[in-house]
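Working notes for the structure below.
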Amino acid sequence: MRGRTDHAEQAPPETPRPLPEGGGGRPLVATMARWPLDADEGFDRRPVRDPWESLVRDSMVAYREGRTDVAHWSWTEDVLWRVAANGYSEEHRGAEAIFAYHRRLTRSSGGTFRQRVMALQSSRGPIVEAYLRSSASRGARRLSMPTLVIFELGNGRIRTITEMPGDPIAWGRFWTD
């Protein structure tokens with residue numbers, strides 16, 4: 001007779017299957033919608049005590065990995081991504097419009113548009129700030145500047161994202177054909 005245990009028996013974790021490889025031996029990743037966002041190794045695993053910051057970080061990680069269902073789950077249905085630059089502004093309402101915005105920037109730059117997370121911080125409230133470095137090229141034109149992205153949360157979900165390029169005039173000129 002077996003003794004009683006206080007721990008439920010757990011099935012061993014599945015061994016992850018390798019992802020199919022794309023060109024250059026790299027794993028294939030979802031490309032339907034991705035934020036061209038780079039982060040230091042471990043960004044997705046670093047401990048975060050603030051629940052607001054944790055929600056934003058998890059949403060950023062999911063979107064950059066192409067897991068749009070997970071990213072979208074953390075957004076309100078009418079989420080707004082606003083680009084605020086002097087004389088250059090645009091708004092994208094809803095997940096599909098946000099996904100289309102990032103696809104357009106990637107396509108317009110021949111795939112060179114990237115943003116890199118430099119810091120993510122919150123003040124234990126419904127505002128989380130992401131400090132990014134944006135870069136891209138279009139022919140002979142080059143873009144390289146800091147960008148502040150402010151996430152506003154309400155009822156436990158991201159409702160407004162405001163992207164503010166460090167040099168709004170250069171940003172507007174770069175993306176204007």
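The values are calculated or read from the model by the stated rules, or taken from the named source; none is laboratory data. What you are looking at is a predicted structure, and each value in this text was computed from that prediction instead of being measured. Neighbour counts run over all protein chains shown; Cβ positions are idealised from the backbone, glycine included.
Glu152 - would you say it is out of contact with any His (no Cβ under 6 Å at 6 or more places or on another chain) and free of Cβ contacts under 8 Å to residues at least 40 places away in the same chain? Break it down into steps so the answer makes sense when it comes.
Values: out of contact with any His (no Cβ under 6 Å at 6 or more places or on another chain): yes; free of Cβ contacts under 8 Å to residues at least 40 places away in the same chain: yes.
Criteria met by Glu152.
Under 7 Å between Cβ atoms, at least 6 apart or on separate chains: pull out the pairs that start in region 57-74 with a residue that is touching a residue at least 40 places away in the same chain (Cβ under 8 Å) and end on any residue that is in a helix (DSSP H, G or I) and of a type in the set (Ser, Thr, Tyr).
Ser74/Ser59
So which strands (runs of 3 or more DSSP E) are wholly in region 72-123 and hold at least 3 residues that are acidic (Asp, Glu) and in contact with a Leu (Cβ under 6 Å, 6 or more places away or on another chain)? Please lay out each step first, then the result.
Working: elements: 75-85, 88-93, 114-122.
Those strands (runs of 3 or more DSSP E) do not exist here; none qualify.
Assess whether Thr112 counts as being at pLDDT 95 or above, of a type in the set (S, T, N, Q) and under 30 Å from Arg49 (Cβ atoms).
Working: at pLDDT 95 or above: yes; of a type in the set (S, T, N, Q): yes; under 30 Å from Arg49 (Cβ atoms): no.
Considered against the rule, which asks whether it is at pLDDT 95 or above, of a type in the set (S, T, N, Q) and under 30 Å from Arg49 (Cβ atoms), Thr112 comes out as no.
Any residue in region 88-101 that is closer than 12 Å to Ile161 by Cβ and of a type outside the set (S, T, N, Q) sitting within a Cβ distance under 9 Å of a residue that is in a loop (DSSP other than H, G, I, E, B) and modelled with pLDDT under 95? List the pairs, counting only those 6 or more apart or interchain.
Ala95/Ala33; Ile98/Ala33; Ile98/Trp35
Is it fair to say Leu120 is farther than 16 Å from Ala84 by Cβ, under 16 Å from the mean Cα position of the chain (by Cα) and either surrounded by 15 or more Cβ atoms within 10 Å (Cβ to Cβ) or not hydroxyl-bearing (Ser, Thr, Tyr) (or both)?
Numbers: farther than 16 Å from Ala84 by Cβ: yes; under 16 Å from the mean Cα position of the chain (by Cα): yes; either surrounded by 15 or more Cβ atoms within 10 Å (Cβ to Cβ) or not hydroxyl-bearing (Ser, Thr, Tyr) (or both): yes.
It is true that Leu120 is farther than 16 Å from Ala84 by Cβ, under 16 Å from the mean Cα position of the chain (by Cα) and either surrounded by 15 or more Cβ atoms within 10 Å (Cβ to Cβ) or not hydroxyl-bearing (Ser, Thr, Tyr) (or both).
For residues that are in contact with a helix residue (DSSP H, G or I) (Cβ under 7 Å, 6 or more places away or on another chain) and small (Gly, Ala, Ser), scanning just region 60-84, find the one that is farthest from Ala170 (Cα to Cα). Can you show your working first?
Taking region 60-84 as the starting set, the residues that turn out to be in contact with a helix residue (DSSP H, G or I) (Cβ under 7 Å, 6 or more places away or on another chain) are 62-63, 68, 70-72, 74-75, 79, 81.
Imposing the further condition that a residue be small (Gly, Ala, Ser) reduces the set to 62, 71, 74.
Values: Ala62: 29, Ala71: 30, Ser74: 32 Å.
Taking the candidates together, the pick is Ser74.
Of everything in region 23-46 that's in contact with a helix residue (DSSP H, G or I) (Cβ under 9 Å, 6 or more places away or on another chain) and more than 20 Å from Leu132 (Cβ to Cβ), which residue is modelled with the lowest pLDDT? Quick ask: steps written out before the conclusion?
Just the residues of region 23-46 that are in contact with a helix residue (DSSP H, G or I) (Cβ under 9 Å, 6 or more places away or on another chain), to begin with: 30, 32-39, 43-44, 46.
Cutting the leftovers down to more than 20 Å from Leu132 (Cβ to Cβ) gives us 30, 32.
Working: Ala30: 41, Met32: 60.
Across region 23-46, the extreme among qualifying residues is Ala30.
Restricting attention to region 75-88, which residues are closer than 20 Å to Tyr131 by Cβ and surrounded by 15 or more Cβ atoms within 10 Å (Cβ to Cβ)?
At the first step, the residues of region 75-88 found to be closer than 20 Å to Tyr131 by Cβ are 81-86.
Residues satisfying the conditions are Trp81, Arg82, Val83, Ala84, Ala85.
Filter region 135-147 for residues that are in a strand (DSSP E or B) and either farther than 19 Å from Asp40 by Cβ or within 13 Å of the chain's Cα centre (by Cα) (or both) and give the result.
Those that are in a strand (DSSP E or B) and either farther than 19 Å from Asp40 by Cβ or within 13 Å of the chain's Cα centre (by Cα) (or both): Ala136, Ser137, Arg138, Arg141, Arg142, Leu143, Met145.
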